[in-house]
Amino acid sequence: MSNRPVIAALLLLTSLQSLAAEVSGFRVWADPAKTRAVLDLDRKTVYKLFTLKNPHRVVIDLQGSTIDIPLDLDADHAGVITGVRYGQPDTNTLRVVFDLSEATEISSFLLEPTAQYGHRLVVDLFSKSQSKKASLVKHVTDIQIPDRDVVIAIDAGHGGEDPGAIGKKRTREKDVVLRIARELKWAIDKQPGMRGVLTRDGDYYIPLRGRYEKARKERADLFVSIHADAFRKSSVRGSSVFVLSAKGASSEFARLLADSENSSDLVGGVTLSDKDDMLASVLLDLSQSATREASNKVAADILNSLKSTGKTHKNHVGHANFMVLKSPDVPSVLVETAFISNPSEEKRLTEKEFQQRMAAAISRGIGNYFYASPPPGTWIANNRNAARHIVARGDTLGGIATRYRVSLTSLRRVNNIDGDVIHVGRELIIPTG
Ligand SMILES: [Zn+2]
């Protein structure tokens, strides 16, 4: 008996195995509108996806694929996915099953490799209850109230699939900028007549255009995007403030930076080429000049405030072609808080003390701008010249309220006081009316 057929069969088996895609990673991100599951693959593959009811499941059959990692689910970020498992219905199919908490709309697609990732299969699950919640929130913000707060949209750069820049100690930009963004919201909410809104409050990705569209939906008076810089020379350090350049990037340095920040949408799975024409025409629109003027002024105020806090990279506001700043009607600035590529700044970026100091400096710069030029109809416009009272020994909050004929509630609200404790020497704002 000849050995030949056995050898041929073995060869066939080996070549099939070498063609098989291997699932090498699995991640889930949940944002307010959807849950995104990502399977890393070592090569392109063919897949089929279908859903089952009672209970709700998504089934993904990957042709000729294998897996040798556990599919662990991080319950904190799992969104509508309650469980994940896999099996082999036949020798040529890898079947991955997601258990779902509810019925969802599904979209799935394959992504080509980028700098950080190889081939990926992305499955987006749109929850029906999640989208209802989102539209309810939008409805509430549509109602205009008199004496409204100045609204600052705070954008933590990157997130989810897109880690941003990574330091030598593996500090990820997306993590530290989210912490600074949260501190910034806290610092802004503390200023009377101002309110911060986060574009993302978790580890998930929002397309660049989606970020400033959120700011427009919230009727934000300012969009501020928070980042941490990276440069090939590790000695480079300091914070910088950028606004959109009218004629593209103004220097080689700014262009390099714009490239690395803009490329994040490709990492997140959205291409921008179809939007460029629209944005170009928006840029030519003269109505944008007011927005640009406001952007320049607020950027200068933030930079001045940063200068008094620590080292700045340059002495002036930078101009760069950041996609995220291209909102036609919301003044927009981008703050590079520090260089994550500089070892000592990387360390500082992870420290709460630095995150708070950075947030306080940015918040102070924003406050200086809006108290100097408040938009009409805002509480600041109507109250910035309000009387002030320096707390003296023996003063009580109730006594001050009576003296100025204002309610205790509004006195507390304006000054962000929870109880009755006031310290001698503190300046209180006395609300008008
Ligand atoms: Zn960045």
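Within segment 58-81, is even one residue at negative phi, assigned to a strand (DSSP E or B), in contact (Cβ under 8 Å) with a residue 60 or more places away in the chain and touching a strand residue (DSSP E or B) at 6+ places or on another chain (Cβ under 7 Å)? Yes, that holds for at least one residue.
Let's see how each residue does on (1) over 17 Å from R27 (Cβ atoms); (2) among the charged types (D, E, K, R):
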{"position": "R57", "(1), (2)": "yes, yes"}
{"position": "G64", "(1), (2)": "yes, no"}
{"position": "P70", "(1), (2)": "no, no"}
{"position": "L73", "(1), (2)": "no, no"}
{"position": "A78", "(1), (2)": "no, no"}
{"position": "P89", "(1), (2)": "yes, no"}
{"position": "T93", "(1), (2)": "yes, no"}
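Filter segment 126-152 for residues that are of a type in the set (A, V, I, L, M) and either at pLDDT 80 or above or buried (at least 22 other Cβ atoms within 10 Å of the Cβ) (or both); which is farthest from the ligand (Cβ to nearest atom)? Residue satisfying both the conditions and the ranking: V150. Against the criterion of being within 16 Å of the ligand (Cβ to nearest atom), within 22 Å of the chain's Cα centre (by Cα), modelled with pLDDT of 85 or more and polar (S, T, N, Q), S225 qualifies. Restricting segment 153-188 to residues that are in a loop (DSSP other than H, G, I, E, B) and either away from the ligand (no atom under 12 Å from the Cβ) or modelled with pLDDT of 95 or more (or both), the residue that is nearest to the chain's Cα centre (by Cα) is G160. Go through (1) aromatic (F, W, Y); (2) in contact with a Gly (Cβ under 8 Å, 6 or more places away or on another chain); (3) closer than 22 Å to G367 by Cα and name the single condition Y204 misses. Every listed condition holds for Y204 apart from (3). Filtering R211, R232, R200, R219 for residues that are more than 16 Å from the ligand (Cβ to nearest atom) and at pLDDT 55 or above leaves a single hit, R219.
The values are calculated or read from the model by the stated rules, or taken from the named source; none is laboratory data. Just so you know, these numbers come straight off a predicted model, no measurement behind them. We place every Cβ from the backbone using ideal geometry, glycine too, and count neighbours over all the protein chains shown.
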